[in-house]
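The structure under discussion appears below in the form of structure tokens.
The values are calculated or read from the model by the stated rules, or taken from the named source; none is laboratory data. These numbers come from a predicted model, not from an experiment. No Cβ is skipped: glycine too gets one built from the backbone with ideal geometry, and neighbour counts run over all protein chains shown. The protein model used for the area step is the full one, side chains on, heavy atoms only, and it has no ligands, DNA or RNA in it. Shrake-Rupley method; radii C 1.70, N 1.55, O 1.52, S 1.80 Å.
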Amino acid sequence: MNSNKTFLILGASSDLGLALVKKLNDQYENSVFCLHYNSSDASLKELELKDGNTARLIKADFTSDEEVGSLIKTLKDEDLIPTHIVHLPADKLHYTRLKDYDQEHLERNLKIQVYSFVQILKAFLPAMVKRKDHNKVVAVLSSVVLGKPPRSMLEYTMVKSMLHGVIRQLAADNEGKLININSVSPSMIETRLLSEIDPRIIEMAAGESPESRNATVDDVVPSICFLLSEDSNYLNGVNINISNGNVII
Ligand SMILES: NC(=O)c1ccc[n+]([C@@H]2O[C@H](COP(=O)([O-])OP(=O)(O)OC[C@H]3O[C@@H](n4cnc5c(N)ncnc54)[C@H](OP(=O)(O)O)[C@@H]3O)[C@@H](O)[C@H]2O)c1
């Protein structure tokens, strides 16, 4: 059993985040789970941690620089310098064609997904690197960054591509320093993220996928756990394609 880790799960309240925390709770003991949320901590409060694991719930709206700063300050003040960071937050998915392009909306999504992450890494990555102990950073991207993106995903593809750039650059800048900075890129997962798009589009995506189904959170969590584990100590700058072969590059 792995023990004494400090996880910082950004967007822990997401459907994917909740499934991840449940799995990590089975795999680790005596570890601290710093669980970030934006709108509601109800589902996080229901988690039953075991084997000496404890949770610290932290609210922050990442569209606000002040709230990102106050999350960083809280963690520093409480000496909760993470050994493992997972980045999951995202705004609801909307299909965007060029004619729908809305710079304000893009900026909002960039704040939630990219700028917040860079600020948080700026605050904690140096200490994580200094430990020389294979601390881990994992970001959740999307299969839109692999191969040919699906149609009408302009904003989402822009944001996830930028996040991919952050992972690739920081992995390169920290090579050989016994830190692992990686990402996963799932295809469509049936979660709340899709609640504002036409259900027929979700059905169509399922129909066009190899097993005629979209992913579930349980298809994705094991790859994130792998990238958080010692088994990935020789991986840096990797982006795992979790699309059931829907995208092959
Ligand atoms: N679902 C898919 O098809 C799919 C496919 C590939 C990749 N992904 C990626 O997987 C990750 C998790 O997605 P999910 O599908 O599990 O999504 P989800 O259940 O909709 O969760 C979205 C998360 O983002 C947080 N969030 C939203 N607005 C925020 C804000 N202003 N400030 C801070 N946090 C904010 C939410 O916090 P609250 O709930 O507390 O508001 C929640 O934790 C995302 O990065 C998504 O892009 C999803």
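A few notes on this one:
- Pairs with Cβ under 8 Å, 6+ apart, first in the stretch 51-63 and farther than 20 Å from Lys73 by Cα and away from the ligand (no atom under 15 Å from the Cβ), second of a type in the set (Val, Ile, Thr) and not in a loop (DSSP other than H, G, I, E, B): Asn53/Val32
- The stretch 49-72: number of residues that are part of a loop (DSSP other than H, G, I, E, B), in contact with a strand residue (DSSP E or B) (Cβ under 9 Å, 6 or more places away or on another chain) and of a type in the set (D, E, K, R): 2
- Matching entry among Tyr28, Tyr37 (being within 15 Å of the ligand (Cβ to nearest atom), without any contact (Cβ under 8 Å) to a residue 40 or more places away in the chain and either open to solvent by less than 50 Å² (accessible area, probe 1.4 Å) or farther than 22 Å from Leu125 by Cβ (or both)): Tyr37
- Taking the criterion of being more than 20 Å from Glu230 (Cβ to Cβ), open to solvent by 50 Å² or more (accessible area, probe 1.4 Å) and small (Gly, Ala, Ser), the residues of the stretch 168-196 that qualify are Ala172, Ser195.
- Qualifying residue in the stretch 237-248 (condition: touching a residue at least 40 places away in the same chain (Cβ under 8 Å), in a helix (DSSP H, G or I) and open to solvent by 20 Å² or more (accessible area, probe 1.4 Å)): no
- Given (1) out of contact with any Asp or Glu (no Cβ under 7 Å at 6 or more places or on another chain); (2) within 16 Å of the ligand (Cβ to nearest atom); (3) assigned to a loop (DSSP other than H, G, I, E, B), number of the condition Pro82 does not satisfy: (2)
- Residue in the stretch 123-140 that is more than 13 Å from the chain's Cα centre (by Cα), within 14 Å of the ligand (Cβ to nearest atom) and open to solvent by less than 30 Å² (accessible area, probe 1.4 Å) present: no
- Of all the listed residues (Lys111, Lys23, Lys5, Lys99), the sole one being over 16 Å from the mean Cα position of the chain (by Cα) and open to solvent by 50 Å² or more (accessible area, probe 1.4 Å) is Lys99.
- When residues of the stretch 146-167 are limited to those that are more than 10 Å from the ligand (Cβ to nearest atom) and under 15 Å from the mean Cα position of the chain (by Cα), the one surrounded by the fewest Cβ atoms within 10 Å (Cβ to Cβ): Gly165
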